[in-house]
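Quick note: the coordinates plus some simple rules give every number you see, no bench work behind them. Note that this is a predicted model, so its numbers are computed, not measured. Here the Cβ positions follow ideal geometry from the backbone for every residue, glycine too, while neighbour counts run over all protein chains shown.
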Amino acid sequence: MKKLLAFIAAAGFSLSAVAAPEVYVIDGSHTFPRFEYTHMGFSTQQSRFNNTTGKVTLDRAAKTGAVEVLIDTKSVDTGSTLFNSHIQGEDFLDTAKYPVATYKSTKFNFDGDKLASVEGNLTLKGVTKPVTLSVTSFACAPHPMLKKDACGANATAKIKRSEFNAGKYAPAVSDDVTLTFAIEAIKQ
């Protein structure tokens, strides 16, 4: 009987270790938050941020998780040095006062085994608003080069920049902004 109890206890500990949440660190060389907006009705402009850090905690068995993304707003890349400075100014990102934007999840939503959406809060220019990311792709697998587990996802959301005190020139420059997150993270 003692051996049976010891076996059950050991099995329970083994199963709980397997089902424990796993921590992944965001790979800044493969993670680029992007944003796009309509410019004076002529075209859709696309830009990205080049410096992003953060972590993902994921328990696939329990279908729970958390993500925290920190975006260096001074790393905005519009494709033009002059326009980068304009976007970094007070009318838009005000990077001198707000050098970091953050996204912190409050809930992961799964559809079967696939991550479907992430609810959370976006903080931009000192303003925090709820934003739900719609996950368009999600995969976890061993990374073939790093020989570690990795996860990646693509997700989108729409925000109104005026809600973050960045609404200058609307509606000529659209108030609606599409955010796209391409994230890769490596298990620690």
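Worth pointing out:
- Taking 0.36 nm per residue of separation and subtracting the current Cα-Cα distance, fully stretching the chain between E163 and L70 would add 31.5 nm.
- Computed about its Cα centre, the charge dipole of the chain is approximately 600 debye, with only Lys, Arg, Asp and Glu carrying charge at their Cβ.
- Where trypsin sites (Lys or Arg not before Pro) in DSSP loops with at most 13 other Cβ within 10 Å are excluded, longest remaining stretch of the chain: 1-96
- Counted over all Cα-Cα pairs of region 64-130, pairs farther apart than 16 Å make up 56 percent.
- Remark on the chain: Rg and Dmax equal 20.0, 78 Å (Cα only).
- For the chain, calculated [θ]222 nm from helices alone, where every DSSP H run of n ≥ 4 adds -39500 (n - 2.57): -4000 deg cm²/dmol
- Calculated FRET value between A141 and D91, using beta carbons and R₀ = 35 Å, to 0.05: 0.25
- For region 100-156, the orientation-averaged shadow of the C-alpha convex hull comes to 4.9 nm² (one quarter of the hull surface).
- Take every Cα pair under 8 Å whose residues are at least 6 apart in sequence, average their separation, divide by the length of region 145-188, and the relative contact order is 56 percent.
- Among N50, V69, A141 the positive-end extreme of the charge dipole of the chain (Cβ point charges): A141
- Over the chain, relative contact order from alpha-carbon pairs under 8 Å, at least 6 apart, %: 23
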